[in-house]
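**Student:** Before we start, here is the structure in question, set down as structure tokens.
The values are calculated or read from the model by the stated rules, or taken from the named source; none is laboratory data. Predicted model only: the values in this text are computed from it and were never measured. Reconstructed Cβ throughout: ideal geometry from the backbone, glycine too, with neighbour counts over all protein chains shown. SASA here: full protein model, heavy atoms, side chains in, ligands and nucleic acids out. Shrake-Rupley method; radii C 1.70, N 1.55, O 1.52, S 1.80 Å.
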Amino acid sequence: MSGTYTLFGRKGCGSAIVAAALKLTRLPYHYQEVDEADCPERERLLKLNPLGQVPVLLLPDGTVMTETAAILVLLHLRWPLAGLIPSSDGGHLPVFLRWIMVINAQIYPSFTYGDQPQKWLPGVENPKVLTDTTDGLRKKLWLQIEAAADANGPWFFGATFCALDIYIAVMHHWRPGPVWFAEYAPRLEAIAKNVARHPRLEALFREQFG
Ligand SMILES: N[C@@H](CCC(=O)N[C@@H](CS)C(=O)NCC(=O)O)C(=O)O
């Protein structure tokens, strides 16, 4: 499908995952940075996604997409050569589907609730307990993903690159952060470094996390 995509995002956020995926495809896109503070871009974002979350991808035909994993599936279907999702021929696909869902359904929401605990526990004396418990859950999940990753790299599936590597590279910058990953999840830390050195992604990662 021809036409330009518009990605609404915020520096260092999950929009970097979609931006990386777009860079690996040949799909043309325009990036719109959206501040958390009130501004015309935020007004526009809220019209597209009332939750105010990024990423939002506006397709050339005007369709609005939210949900990082759903966006990646679409990009894969439109540009399979980028290899975002493993082929169904080998054994990687079921493993990919499992961990991508764990990241989206368990790890990503742990930030939604843990980042702004007072929003979800109004009137509670110590809402930060929600941050602590969700941070704990997230570490447990990353350790499972670490154990499932190929021990020799360079990617989660050894020689085969896929979108899981992009998720790991972006999210390892988030709590518990790179120092924790280096100590407790060295395979994931190595994947993150390799993605950030990828010739097509290097500039993006420098701009987002440098
Ligand atoms: N389920 C969404 C989660 C998106 C999300 O939580 N994005 C964060 C930035 S990385 C955000 O916009 N948070 C602000 C909020 O939740 O109010 C997805 O998979 O894309």
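**Student:** Hey, among K11, K23, which residue is within 15 Å of the ligand (Cβ to nearest atom) and of a type in the set (K, R)? Don't jump to the end; show me each part of the working.
**Tutor:** Working: K23 fails: within 15 Å of the ligand (Cβ to nearest atom).
Just one listed residue meets the conditions, K11.
**Student:** Those residues that are part of a loop (DSSP other than H, G, I, E, B), closer than 19 Å to I166 by Cα and open to solvent by 10 Å² or more (accessible area, probe 1.4 Å), I need them from the range 1-26; list them, please. Break it down stepwise before answering.
**Tutor:** Taking the range 1-26 first, the residues part of a loop (DSSP other than H, G, I, E, B) are 1-4, 10-14, 25-26.
Of the ones still in play, those that are also closer than 19 Å to I166 by Cα are 10-14, 25-26.
R10, K11, G12, C13, R26 - these are the residues of the range 1-26 that are part of a loop (DSSP other than H, G, I, E, B), closer than 19 Å to I166 by Cα and open to solvent by 10 Å² or more (accessible area, probe 1.4 Å).
**Student:** Given the criterion in the same structural domain as K193 (by TED's automatic domain parsing), within 19 Å of C13 (Cα to Cα), surrounded by 13 or more Cβ atoms within 10 Å (Cβ to Cβ) and away from the ligand (no atom under 15 Å from the Cβ), identify the matching residue among D115, D135.
**Tutor:** Numbers: D115 fails: away from the ligand (no atom under 15 Å from the Cβ).
After ruling out the rest, the residue left standing is D135.
**Student:** Would you call A203 part of a helix (DSSP H, G or I) and open to solvent by 40 Å² or more (accessible area, probe 1.4 Å)? Please lay out each step first, then the result.
**Tutor:** Details: part of a helix (DSSP H, G or I): yes; open to solvent by 40 Å² or more (accessible area, probe 1.4 Å): yes.
So A203 passes the test.
**Student:** Same structure again: Just checking, how many residues over the range 34-52 are within 12 Å of the ligand (Cβ to nearest atom) and free of Cβ contacts under 8 Å to residues at least 12 places away in the same chain?
**Tutor:** Summing the residues that are within 12 Å of the ligand (Cβ to nearest atom) and free of Cβ contacts under 8 Å to residues at least 12 places away in the same chain in the range 34-52 gives 4.
**Student:** Any idea which residue in the range 27-63 is surrounded by the fewest Cβ atoms within 10 Å (Cβ to Cβ), counting only those that are in a strand (DSSP E or B) and out of contact with any Asp or Glu (no Cβ under 8 Å at 6 or more places or on another chain)? Don't jump to the end; show me each part of the working.
**Tutor:** Initial filter on the range 27-63 (in a strand (DSSP E or B)): 29-33, 56-58.
Then drop every residue that is not out of contact with any Asp or Glu (no Cβ under 8 Å at 6 or more places or on another chain), which leaves 29-31, 56-58.
Values: Y29: 18, H30: 10, Y31: 14, V56: 24, L57: 27, L58: 19.
For the range 27-63, the residue satisfying everything is H30.
**Student:** Taking the range 174-194 as the region of interest, how many residues are outside any helix (DSSP H, G or I) and either acidic (D, E) or crowded, with 17+ Cβ neighbours inside 10 Å (or both)?
**Tutor:** Filtering the range 174-194 down to residues outside any helix (DSSP H, G or I) leaves 174-177, 185.
So of that shortlist, the ones also either acidic (D, E) or crowded, with 17+ Cβ neighbours inside 10 Å (or both) come out as 174, 185.
Counting residues in the range 174-194 that are outside any helix (DSSP H, G or I) and either acidic (D, E) or crowded, with 17+ Cβ neighbours inside 10 Å (or both) gives 2.
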